[in-house]
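Read through the structure below, which is laid out as structure tokens, and then see the notes.
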Amino acid sequence: MYCRICGNEENVTLRTGRRGLLCDSCAADTPAKVSREAFDAAYWDKGDEVHHATRREFYDDYRASNITLAEYIRTTQSAAM
């Protein structure tokens with residue numbers, strides 16, 4: 001097993017809150033993550049016709065980040081504009 005954020009193989013544990021496999025250090029710095037359904041509702045506009053694979057990639061990227069959902073939305077949407 002390896003940490004989904006830093007790749008460390010030591011002290012890696014499946015964490016609560018949908019954070020996944022994290023080492024102790026990344027777990028201390030990583031906020032709890034929202035469900036896929038909550039992510040989709042907050043991230044995508046209702047009329048968006050975005051392929052499910054793309055939606056999954058964004059959710060996986062969010063889960064592997066050490067930021068909150070609000071920060072992720074602000075960061076990724078501002079970078080695209």
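Nothing in this text is a laboratory measurement; each read-out follows from the coordinates by a stated rule. The structure presented is a predicted model; accordingly, all values stated were derived computationally and were not measured.
So the values come out like this:
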{"item": "For GLY20, distant residues with modelled amide H under 5 Å away", "result": "ARG15"}
{"item": "Span per principal axis, largest first, for the Cα atoms of the chain (Å)", "result": "43, 22, 18"}
{"item": "Rounded tilt (10° steps) of 69-80 against the dominant C-alpha axis of the chain", "result": "60"}
